[in-house]
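To keep things clear, I will list the structure first and then write my remarks on it.
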Amino acid sequence: MAVKHSRFDRFLLTIIGIFLTLAVLIVVVPLVYIVVASFMDPTVLLSKGLSFNLSDWSLEGYKKILSNPAMVRGFGNAVFYSAAFAFVTVTVSVCAGYALSENRLAGRHVFMTLFIITMFFGGGLIPTYLLVRELGMLNTVWAVIIPGAVNVWNIILSRTFFKGIPKELKEAANVDGASDKRIFFGIVLPLSKPIIFVLALYAFVGQWNAFFDAMIYLEDPKLHPLQLVLRSILIQNQAAPGMINDQLAMAELKRLSEMIKYSAIVISSLPLLVMYPFFQKYFEKGVMVGSLK
């Protein structure tokens with residue numbers, strides 16, 4: 001049955017359509033520009049701008065980056081750090097959220113208050129560094145994974161999700177003689193895939209894009225993640241104009257910087273672009289967690 005829209009409804013739908021089109025263009029145009037620029041010859045890009053002529057394209061930027069052993073090692077480190085961090089933070093968030101969602105937990109309001117306080121007040125960079133050093137985690141993978149593993153916002157989302165699970169399911173399992181562990185692993189977790197995948201995606205993306213903690217805590221270049229390696233490569237291929245008197249050397253340095261920059265952006269973003277389609281169905285279910293209660 002066709003729905004008849006009033007003149008105002010048609011006007012409103014047109015405005016919404018225009019707004020959504022602009023929003024899509026704002027996202028897609030920079031993405032297309034970066035991808036195409038990553039395949040272009042830097043000389044052509046700097047002189048003529050973006051070109052869709054295949055004769056102006058080159059894989060030199062990708063070859064330059066992928067031929068660097070530090071890039072391959074940094075990519076592996078980034079995958080490991082992101083996956084390990086996602087596993088740890090999701091485990092902590094789910095376990096803490098489930099415990100705080102149970103009315104049987106004595107002092108749950110006190111625990112929740114203490115958690116929330118940490119969202120507004122922190123020790124700061126220097127005390128955190130001293131703590132990591134005293135725990136013996138400097139220059140180890142744990143310095144990147146452990147300090148940020150407890151995410152209060154994720155705990156709140158998990159608690160809200162678990163409160164939405166019908167308590168009749170757990171009561172029926174109790175009547176059948178199921179233990180708390182059996183209820184958690186056999187009933188609650190299978191129903192919690194949306195929130196688990198959403199939290200895992202948030203944690204993975206956040207850790208994948210992070211480089212500051214690694215820059216502070218990791219001295220060994222072999223432990224550096226991809227983002228820190230890319231940062232080092234880009235800094236090494238940049239210089240102030242006054243530092244180089246030879247114009248040809250300056251032009252080559254600028255060409256090299258442009259060649260690496262766009263290729264590095266594409267390489268560092270590729271895993272996330274591949275992940276999102278597989279997580280989308282869970283993201284759509286879990287993103288609304290906490291919006292209604």
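Looking only at region 148-201, count how many residues are of a type in the set (D, E, K, R), under 20 Å from THR89 (Cα atoms) and not in a helix (DSSP H, G or I).
Residues in region 148-201 being of a type in the set (D, E, K, R), under 20 Å from THR89 (Cα atoms) and not in a helix (DSSP H, G or I): 0 in total.
Need the failing condition index for PHE52 against (1) part of a helix (DSSP H, G or I); (2) not assigned by TED's automatic domain parsing to the domain that holds LEU273, just the number.
Unmet condition: (1).
Looking for whichever is among the charged types (D, E, K, R), at pLDDT 85 or above and either surrounded by 14 or more Cβ atoms within 10 Å (Cβ to Cβ) or not in a helix (DSSP H, G or I) (or both) here; the options are GLU219, GLU258. Which one fits?
GLU219
Of the conditions (1) loosely packed, with under 15 Cβ neighbours inside 10 Å; (2) closer than 20 Å to ALA200 by Cβ, THR160 clears all except one; give me its number.
Failing condition for THR160: (1).
Can we say ILE34 is aliphatic (A, V, I, L, M), surrounded by 10 or more Cβ atoms within 10 Å (Cβ to Cβ) and assigned by TED's automatic domain parsing to the domain that holds GLN227?
no
What are the residues in region 139-162 that are of a type outside the set (A, V, I, L, M) and more than 19 Å from PHE197 (Cβ to Cβ), if any?
ASN139, THR140, TRP142, PRO147, GLY148
If I go through region 48-81 residue by residue, how many of them are touching a residue at least 60 places away in the same chain (Cβ under 8 Å) and acidic (Asp, Glu)?
Looking only at that region, the number is 1.
So for region 60-69 (the condition being outside any helix (DSSP H, G or I) and either touching a strand residue (DSSP E or B) at 6+ places or on another chain (Cβ under 9 Å) or not polar (S, T, N, Q) (or both)), does at least one residue qualify?
Among the residues of region 60-69, not one is outside any helix (DSSP H, G or I) and either touching a strand residue (DSSP E or B) at 6+ places or on another chain (Cβ under 9 Å) or not polar (S, T, N, Q) (or both), which makes the answer no.
Would it be correct to say that LEU130 is part of a helix (DSSP H, G or I) and either modelled with pLDDT of 85 or more or not assigned by TED's automatic domain parsing to the domain that holds VAL229 (or both)?
On the way: part of a helix (DSSP H, G or I): yes; either modelled with pLDDT of 85 or more or not assigned by TED's automatic domain parsing to the domain that holds VAL229 (or both): yes.
It is true that LEU130 is part of a helix (DSSP H, G or I) and either modelled with pLDDT of 85 or more or not assigned by TED's automatic domain parsing to the domain that holds VAL229 (or both).
Would you confirm whether any residue within region 78-87 is modelled with pLDDT under 85 and of a type in the set (A, V, I, L, M)?
No: zero hits.
For region 93-111, what are the residues that are surrounded by fewer than 17 Cβ atoms within 10 Å (Cβ to Cβ) and assigned to a helix (DSSP H, G or I)?
Scanning region 93-111 gives CYS95, ARG108, HIS109, VAL110, PHE111.
Yes/no per residue for (1) more than 30 Å from PHE161 (Cβ to Cβ); (2) surrounded by 13 or more Cβ atoms within 10 Å (Cβ to Cβ); (3) outside the structural domain of GLY164 (by TED's automatic domain parsing); (4) within 22 Å of the chain's Cα centre (by Cα):
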site	(1), (2), (3), (4)
ILE16	yes, no, yes, no
ILE26	yes, no, yes, yes
ALA86	no, yes, no, yes
LEU114	no, no, no, no
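Does PHE279 meet the test of being of a type in the set (A, V, I, L, M, F, W, C), over 25 Å from GLU60 (Cα atoms), in the same structural domain as GLY148 (by TED's automatic domain parsing) and modelled with pLDDT under 85?
yes
Could you say which residue among GLY177, GLY124, GLY206 is modelled with pLDDT under 85 and under 23 Å from the mean Cα position of the chain (by Cα)? Before you say what the answer is, go through the steps one by one.
Values: GLY177 fails: under 23 Å from the mean Cα position of the chain (by Cα); GLY206 fails: modelled with pLDDT under 85.
It is GLY124.
The values are calculated or read from the model by the stated rules, or taken from the named source; none is laboratory data. Note that this is a predicted model, so its numbers are computed, not measured. Heads up, the Cβs are rebuilt from the backbone with ideal geometry, glycines too, and the neighbour counts pull from every protein chain shown.
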